[in-house]
Amino acid sequence: MSLPRGGAPEKAVPFLAPGAVLGVLGGGQLGRMFAQAAQRAGYEVVVLEPDADTPAAQVTRRHLRHAYDDPAGLRQLARLARAATIEFENVPAAALEWLDGHLSLAPHAPAVAVCQDRAQEKALFDSLAVGCAPHALVGSQADCLAAAQRELFPGILKTRRMGYDGKGQMVVRAAQDLAQAWRALGEVECVLERRLQLACELSVVLARGADGAMVHFPPQRNVHRDGILFSSTAAAGVVAEPLAARAVAAARRIAEGLGYVGVLCVEFFVTEQGELVANEMAPRPHNSGHHTIDSCEHSQFDLQWRCLVGAPLPPPRQHSAALMLNLLGDLWLDATGAQREPDWRPLLALPGAHLHLYGKHQPRRGRKMGHLTLTAPSLVEAEQAARAACDLLGLPGL
Ligand code: ADP
Ligand code: MG
């Protein structure tokens, strides 16, 4: 398999001054927070997104309502915007390749293509000596038989493409259950991973400019429930050294290896044996980095627009301990499924509470409607406020 090669001569991009129009492909909450950050600095943002009334389109003046691969929409975007980014990695590769030739795109199309496919991601990790979970590719009955011979059980079968928030995944307890799980996932190209015993999960968000300059946030510790991010905690000592330094070094190696430009997040597992294992990566700001809006001098979205316009990348100093809780649609639904509104007032009374709602009108179980970040001078205080928030929201504790 050919992977995009790093090491190409880095070039300085011309600086796009405030006032320039920046494009974003995708209309979700990540696009909304990108637009809010870029607009604050005086940039104008245009969203390419087929759906009406999406989180990003609600906060921007221009919305091109086209499919991501509609040539008419892409042409308009290239005409309006000087540079563009993505808020969602599953934009068709051909659309990104076309755009890459017509405006300044960050991240570049080949790097996004790797992030669209779990198999290519793992091949990249392997090629850079970044460890990942033992795995096998499963795309046929014969692959099921071959994988069944390997020590990958209990395992998790994941579709190679389009999975998110635990979707497109099935636990496979034993070898004899593999073929059935593959059928249940629609007989598409999959990766079977051994299910690891995890001590914890963490992620690193970094930004790399077109000139090769790179900065990173301190790693945050993540807790997932039912395959969906529940909380991220970022504070001194939350990820102990030397683990934190190893994770940062691995993430930087990945960005270098890809010749990456933009914000990149790498998710890691830490096994009970203390091994650091790369799980997956996202070619964009990440849910686990949302706390940076309230806890750091520059957020992951600030670094995203800075990468795009060729601005300097300041090392993002964290000024507050932070704990972020995702607010899922479940909070808007009672036991009978009837819609209700969470009681925000007492939540807003908590010290250091920052409420972010994405403007989504339809709550669904597991749907990300917003997040709440609790900032504080110390981890203990942030956790205390987060525990109070969980109590008020009726969420199981931290
Ligand atoms: P998604 O794209 O949905 O985020 P992930 O591959 O990151 O998919 O899986 C979601 C979560 O499921 C992980 O954060 C982790 O909690 C759990 N998980 C996934 N793969 C494994 C594995 N091989 N071993 C143990 N837990 C896993
Ligand atoms: Mg994940």
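The stretch 127-167 and the stretch 243-264 have Cα centres spaced 23 Å apart. Distant-in-sequence amide contacts of Gly131, defined by a placed amide H-H separation under 5 Å and a gap of 5 or more residues or a different chain, comprise Ala278.
Remark on Arg364: its backbone amide H falls under 5 Å from those of Gly329, a criterion applied only to residues 5 or more positions apart or on other chains, H modelled at 1.01 Å from N. Net charge of the neighbourhood of Gln220, taken over other residues with C-beta under 14 Å away and scored Lys/Arg +1, Asp/Glu -1, is -3.
Of all DSSP beta bridges confined to the chain, the antiparallel ones make up roughly 80%.
Highest mean packing first, where packing is the average number of other Cβ atoms within 10 Å per residue, the peptides 172-184, 34-46 line up as 34-46, 172-184. Distance between the pseudo-spin-label points of Met162 and Ala213 (7 Å out from Cα toward the beta carbon): 4.1 nm. Taking the protein heavy atoms of the stretch 198-393 in the context of the full set of protein chains, the accessible area attributed to carbon and sulfur is 51 percent at 1.4 Å. For the chain, a/c is less than 1.5, where a ≥ b ≥ c are the root eigenvalues of the C-alpha gyration tensor. That puts it in the rounded class.
For the stretch 251-284, which GluC sites (Glu not before Pro) are both in a DSSP coil and crowded by at most 13 other Cβ atoms within 10 Å? Could you put the intermediate results ahead of the total?
Details: sites: Glu256, Glu267, Glu272, Glu275, Glu280; in loops: Glu272, Glu275.
Passing both the DSSP loop test and the Cβ count: Glu272, Glu275.
Using the 1.4 Å probe convention, the accessible area of the stretch 239-367 works out to 39 Å² per residue with neighbouring protein chains retained.
First compute the accessible area of the stretch 21-115 with a 1.4 Å probe, then give the percent of it belonging to carbon and sulfur atoms.
Numbers: 1680 of 3540 Å².
It is 48 percent, rounded to a whole number.
Quick check: from the Cα gyration tensor, does the stretch 21-115 come out rounded (a/c under 1.5), prolate or oblate?
Working: a/c = 1.42, a/b = 1.37, b/c = 1.04.
The shape class here is rounded.
Taking all protein chains in place and a 1.4 Å probe, what share, in percent, of the accessible surface of the stretch 134-194 do carbon and sulfur account for?
Values: 1700 of 3330 Å².
In the stretch 134-194, the share of accessible area belonging to carbon and sulfur is 51 percent.
For the stretch 313-398, the list of trypsin sites (Lys or Arg not before Pro) that fall in a loop by DSSP and count at most 14 other C-beta atoms within 10 angstrom reads Arg317, Arg340, Arg364, Arg365. For the stretch 315-357, the residues whose amide N sits under 16 Å from a probe point set 7 Å from the Cα of Arg367 along the beta carbon direction are 327-334, 337-342, 357.
So what's the net charge close to Asn279: Lys and Arg +1, Asp and Glu -1, counting the other residues with Cβ under 11 Å from its Cβ?
Values: positive: Arg118, Lys122, Lys158; negative: Glu121, Glu193, Glu201, Glu267, Glu280.
Once all neighbours under 11 Å are counted, the net charge is -2.
Mind putting a number on the dipole of the chain about its Cα centre? Charges go on the C-beta only, +1 for Lys and Arg and -1 for Asp and Glu, and I need it in Debye to the nearest 20.
Dipole of the chain, to the nearest 20 debye: 460 debye.
The distance between label points at Ala349 and Ala17 comes to 5.0 nm (points 7 Å beyond Cα on the Cα→Cβ vector).
For the chain, the 222 nm mean residue ellipticity estimated from helices alone, with every DSSP H stretch of n ≥ 4 adding -39500 (n - 2.57) and the total spread over all residues, rounds to -8000 deg cm²/dmol.
The residues packed around Ser203, meaning those with a beta-carbon under 11 Å from its beta-carbon, carry a net charge of -2 if Lys and Arg are +1 and Asp and Glu are -1. Accessible surface ranking for Ile293, Ile86, 1.4 angstrom probe, highest first: Ile293, Ile86. Under 17 Å from the 7 Å Cα→Cβ point of Arg387, by amide nitrogen: which residues of the stretch 318-351? Taking a point 7 Å out along Cα→Cβ of Arg387, the residues of the stretch 318-351 whose backbone N falls under 17 Å are 322-325, 350-351. The Arg62 and Ala123 beta-carbon pair, evaluated with R₀ = 35 Å, returns a calculated FRET efficiency of approximately 0.35.
The values are calculated or read from the model by the stated rules, or taken from the named source; none is laboratory data. This structure is a prediction, so every number in the text was calculated from the model and none was measured. Don't worry about glycine lacking a Cβ; one is built from the backbone with ideal geometry, like all the others, and counts go over all protein chains shown. What goes into the accessible areas is simple: the full protein's heavy atoms, side chains included, and nothing from ligands, DNA or RNA. Shrake-Rupley method; radii C 1.70, N 1.55, O 1.52, S 1.80 Å.
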